[in-house]
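To keep things clear, I will list the structure first and then write my remarks on it.
The values are calculated or read from the model by the stated rules, or taken from the named source; none is laboratory data. Just so we're clear, the structure is a prediction, and the values are computed from it rather than from any experiment. Heads up, the Cβs are rebuilt from the backbone with ideal geometry, glycines too, and the neighbour counts pull from every protein chain shown. The accessibility values were calculated without ligands, DNA or RNA, using every heavy atom of the protein model including side chains. Shrake-Rupley method; radii C 1.70, N 1.55, O 1.52, S 1.80 Å.
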Amino acid sequence: MDFKNKVAVVTGGAQGIGRCIAEEFQKAGGTICVIDKQPSKSKLGETNHFVGDIADKETLERFAKEVIGKYNHVDFLINNALPLMKGIDECSYEEFQYAMSVGVTAPFYLSKLFMPHFAEGAAIVNISSSRDRMSQPQTESYTAAKGGIAALTHALAVSLAGKVRVNSISPGWIDTNYKIYEGPDAIQQPVGRVGSPLDIANMVLYLCSEKAGFITGENICIDGGMTRQMIYHGDNGWTLKQ
């Protein structure tokens, strides 16, 4: 896939999945604009890196103005920044609101700010999580944010029909340090391994390409099949300890 002369905006692009997405776009010839609270850690040379907190409205406005001022358009918006994860026992009202601001409000507002400037063939890819459909205890702020961005995806796809394709990806267990797992950690997933950031970045680039031109409003779960596996106590060696 060739993204020469294409401008891709990636939130949370300093590390982890976001960094991998930014680097893969850059390898494919794209111009990358990153916003993150952390400084850039990319090894691929000069990248437009804006340091700021996307929970702040004025920060989003300054960032969007800078991107448009420099390039006059945006081809791809990747909403990847990680919301806070806290559960109902410890998460305060303010912390929950902050998670929503990062995980749902910022993707909405960036889409709105860039809306007049999206180029022909533009695409938005929102990074949700397999937690948008399943949970562990004490994860309410993160899970709610990821469920929100999954729903925001199909709403935007309808509102921006004919102008921008909008899809989301729900990663499962992705090890951002590229560690190779063996034993139960690996085999509990039908594909037999834990995921890596490249598993997500490859799908992001595909969804932004012309090859995905008939896909919009879709959520694609990339979790090695884990959410498709039914688990019963005593079945196939699974046990529940109370």
Arg133 accessible area, 1.4 Å probe, all protein chains in place, Å² to nearest 10: 110 Å²
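Where nothing but the Cβ of Lys and Arg (+1) and of Asp and Glu (-1) is charged, how large is the charge dipole of segment 65-182 around its Cα centre, in debye to the nearest 20? Walk me through the numbers before you get to the answer.
Numbers: 10 positive and 11 negative charges, 90 e Å.
With only Lys, Arg, Asp and Glu charged at Cβ, the dipole is about 440 debye.
When only Cα pairs under 8 Å and 6 or more residues apart are kept, what is the percent relative contact order across segment 63-144?
Worked out over segment 63-144, it gives 49 percent.
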Kirkwood hydrodynamic radius over Cα pairs of segment 98-179, then Stokes diffusion coefficient at 10 °C and 1.306 mPa s, in µm²/s: 117 µm²/s
MRE, 222 nm, helices only [DSSP H, n ≥ 4, -39500 (n - 2.57), over the chain, to nearest 500]: -10000 deg cm²/dmol
Accessible surface of the chain, 1.4 Å probe, proportion on carbon and sulfur as whole %: 53 percent
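Give me the accessible area per residue for segment 53-129, probe 1.4 Å, as a whole number in Å².
Details: 3790 Å² over 77 residues.
Value for segment 53-129: 49 Å² per residue.
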Rounded to 10°, Cα long-axis angle of helix 16-27 versus longest principal axis of the chain: 40 degrees
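Below 8 Å between Cα atoms, with a sequence gap of 6+, how large is the relative contact order for segment 107-242 in percent?
Details: 198 pairs, mean separation 37.3, N = 136.
Reported as a whole number, the value is 27 percent.
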Solvent exposure, largest accessible area first (probe 1.4 Å, DNA, RNA and ligands not counted), of Ile127, Ile222: Ile222, Ile127
Probe 1.4 Å, protein heavy atoms only - accessible area per residue of segment 148-242 in square angstrom: 61 Å²
For the chain, with +1 on Lys and Arg beta carbons and -1 on Asp and Glu, the positive-most of Gln136, Gly29, Asn177 along the dipole: Gly29
